[in-house]
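Encoded as structure tokens, the structure appears first; notes follow it.
The values are calculated or read from the model by the stated rules, or taken from the named source; none is laboratory data. Note that this is a predicted model, so its numbers are computed, not measured. A quick note on method: Cβ atoms are made from the backbone with ideal geometry, for glycine too, and the neighbour counts reach across all protein chains shown. For the accessible areas, the whole protein counts, side chains as well, though only heavy atoms, and no ligand, DNA or RNA atoms are used. Shrake-Rupley method; radii C 1.70, N 1.55, O 1.52, S 1.80 Å.
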Amino acid sequence: MNVLRRPAGLSKFRFYSTQTTRPFVPPASLNHFDFRQRQREKPRPTSPAFYTARPEFYDQLSSLESALQHAKTALTSCHLLPLPQFAREALPPRVNAWVDKRELGLKLRSTLTTSRYRRVVLVLNELETYRAIAEKAGIAELQEGIRGITELFERADAATMLARGKAKPVKFDEYGRSYTLGKRKTSSARVWIVPVQQPPADKSTASQSIPAATETDTALTALLDPISSSKSNEPVSVSQILVNNTPLSAYFPIPADRARVIHPIKLAGLLGAYNIFAIVRGGGTSGQSGAVAHGIAKGLAAHEPAVATILRKAKLLRRDPRMVERKKPGLAKARKRYAWVKR
Amino acid sequence: MLTLSVRCQRVSCQLFASSSTTPLAQTRSYATQPKKGQIVKQASQGFKGKKNTPSGQMEHGKKDKKMMAFQPLPVSQLPHPLFESDRPDTLALQSFHPEMLTRVVESQALKFPHNESDPFRIFGLPRNILVEFRLLSKPCSVIRSVTIDAINKLDAASDKNSKESRVVLTGPQGCGKSYLLLQALQYCNARDWLVLYIPRATNLVNSTTAYTYDMRTRTYSQPIFAYQTLQRFLKVNALRLEQLRTQTEIEIERRPPVPPGTPLVELINIGLKDQGHAPTVLGAVLEEIGKQTIFPVLLAVDDFQALYCKSHYRDQHFSAIKSYHLSMPRLLLEYASGQKSFARGAVFGAISMGNTTFPLPLELREALSLEHDRPYGPYVKRQPELVEYARGLERLAVPGSLSVPEAASVFEVWMKDRAVPSKPNDELFLTKYSEASGNARAFVWKGLLSSMSA
């Protein structure tokens, strides 16, 4: 019976082996030991990283790396890895926004040093690359699986961080109005642009069938005398521009300011197409007119993207960076020097 | 002080009983217009000033140049081919004829008739319109929807007392009030009305001519203005006035009374012979034409708000003389308020919003129910006389912006007259129209004529 109670490892013990390092213990003398108790006293470590300095961290890291390995095998089986150079270049360049060191430490339940953080981020970047490849290839399952892992480690405001430096797309409200801001010197303008509502087409004229003879007649008269025959009854739509709730001509008496405001609309060829309402504050007349023009240009670029290139070439979409230069000591004004005296 | 001056006047009258000169008028040297060729001597400035300075002569030359501003050269003096004087006139406009003024003709440009007794030539024009007519090849205007409204009002007024048709044209600066008044004037002249037009009522109150204190009416009479008005009135309405005669006896100072049945032309000539009688004669003439019912009468006044402002005249105490104490503004105010009236006719006035020396007063603003831009509460003083003079005035609002067809006609007129420096295409039209927000003066002067674009 005592024989049965021998520990399992010892059953394979070969007494006659010459490579043993342990001293010889006859099996009979081990009978009175209860090895089961000993097993109970010291349980087996749950994870292989138990004896490392940061077991939780290494557990998480190993799970991430195993996920990466699975993804890699999956892609390799689909013949997507290794990816040729041209295919890698075709992938969109990814800028990742992972959580910062402190946040990641909270997630992994252990404080991180920079090198450990970098190690995790490396794995995450690789995962993200594989996700991009899967997305491009159209393997939705794999892509979603990887996404499930990577989104745990993404910043909450990842979208805004990635959109930093890029122009925000202009939103339209339920009436089709765009809302843009324009600035010049110390003035700022808020501009709302809405398309001019064309009056409903006259049904009576549309229903009249024009006989062929009069068509040629009108065409002939139009050729011979274009000015007098061009007086058609079509209403001409006109842009109404209100600045601080006053008409443009009343708010800006100087023709140059008015022309500055109209310039973007004129260049875009959209005179009569849009109505504009602007609220402008700060600065003087030319600053305010420049701010309104800037806002109008941005709004028109939002309404008609084709027009954006023209306005950009004309530098109307650019916020004019020129500001009033400061006065310097030793000078009367920003650049003006005091009168030079010989003695 | 007042009685002393009056006594002096009486004495002077007794001494020069038979003379036809005016009584002692309080003349000021700056107010008299120098005759052509006369050298204006500069006053000597102590021991530093020199007599007969060349600057004195230059001053006269400058003044001459100022009066002759914007006078285009005649075609005969432009022989160079660059001026294209022989090019045919492309501005073919129909003539302003009262019969054709219907809604059909709306937003069409019509040229004003040009004849010997043309009211524009005789009465004069407001300054900016005068300049425009000098620039254009021929005086013309665009018929707007508000023109037809005004003409309908005149047609309705031709049978009614002028008390019921006292209209004031209102609207923002540069919207076309003076032009509308001109169109009304031309219409009435063509329809055989008796017309009296005061193009610049500011001249009546800005102390440009002498005044005399009249003991009988206890007002300050303006004989020069009255004389000028009579002269012009006679010239424009000569044919019509020949048919009219006085109905009552008219008393004129220092002269036997004028019996009833005298032709009105003779009455006017009495005023033209002696400038001192002119204010009385003018009042009498207007009264007589107010009684007759053969011809309706139009009294048109531009810068109408100046009649309700304090004048620039000063009395001997150096206090400003009120406008209703001056004979000419008082006469116009009486007809405008309905205290005096024409049996048939109307009184039309056009206010000027851009005049800062004679701004629109509070009493007139309230009477016409216009927007206020200054404090107007119950603690702001209103002159009861002016409130009385402004009672019952009707407002005809001229729209602040031209409609697109009207603006197109205006554009065509200037384009065909080759006055637009830029390339005249529809882009220019829409650009300038949008910049001006439809305002007529801004569209023409600051838009079309002031800018150059490729």
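Can you list residues from other chains, or at least 5 along the same chain, whose modelled amide H is less than 5 Å from the amide H of B:L402? Counting only residues 5 or more places away or on other chains, the set is B:N439, B:A440.
Computed from phi, the 3J(HN,Hα) profile of the stretch A:328-337 under the Karplus parametrisation 6.51, -1.76, 1.60 (θ = phi - 60°) reads 10, x, x, 10, 5, 9, 4, 10, 6, 9 Hz, with x in place of Gly and Pro.
Taking trypsin sites (Lys or Arg not before Pro) across the stretch B:347-395, the ones in a DSSP loop with at most 11 further Cβ atoms lying within 10 angstrom of their Cβ are B:K381. In order along the stretch A:51-61, the Karplus-derived 3J(HN,Hα) couplings, from 6.51 cos²θ - 1.76 cosθ + 1.60 at θ = phi - 60°, round to 8, 8, 5, 10, x, 4, 4, 5, 4, 4, 4 Hz, and Gly and Pro are given as x. Computed in the context of the full set of protein chains, the accessible area of the stretch B:345-414 at 1.4 Å probe radius has 54% of its extent on carbon or sulfur.
Classify the stretch B:404-452 from the C-alpha gyration tensor, please: rounded if a/c falls under 1.5, else prolate or oblate depending on whether a/b exceeds b/c. Rounded shape, in that the Cα axes give a/c under 1.5.
Give me the percent relative contact order of the stretch B:211-354, please, defined on Cα pairs under 8 angstrom at least 6 residues apart.
For the stretch B:211-354, the relative contact order is 23 percent.
Per-residue shielding of B:436-449, expressed as the average number of other chain Cβ atoms within 10 Å of the residue Cβ, stands at 3. The phi-based Karplus calculation (6.51 cos²θ - 1.76 cosθ + 1.60; θ = phi - 60°) puts the 3J(HN,Hα) values of the stretch B:275-280 at 4, x, 7, 4, x, 5 Hz, whole numbers, x for Gly and Pro. Annotation: amide H-H contacts under 5 Å for B:A397 (H modelled 1.01 Å from N, sequence separation of 5 or more, or interchain): B:T170.
Distances between placed amide hydrogens fall under 5 Å for A:L81 paired with A:T76, all partners being 5 or more residues away or on another chain. Computed from Cα atoms alone, the Kirkwood hydrodynamic radius reported for the stretch B:100-146 is 11.9 Å. Among the listed pairs A:K72/A:K168; A:K266/B:K138; A:K166/B:K423; B:K153/B:K291; B:K310/B:K340, those whose Cα-Cα separation exceeds 31 Å are A:K72/A:K168; A:K266/B:K138; A:K166/B:K423. For the stretch B:404-452, the solvent-accessible area works out to 39 Å² per residue, with a probe of 1.4 Å and every protein chain left in place. Chain A against chain B buries an accessible area of about 1300 Å², both chains summed, 1.4 Å probe radius. Toward the positive end of the charge dipole of the stretch A:267-324, about the Cα centre and with charges on Cβ (Lys, Arg +1; Asp, Glu -1), which of A:L270, A:V307, A:V324 goes farthest? Towards the positive end, the residue furthest out is A:V324. Straightening the chain between B:E366 and B:Q71 buys 102.1 nm, computed as 0.36 nm per residue apart minus the Cα-Cα spacing.
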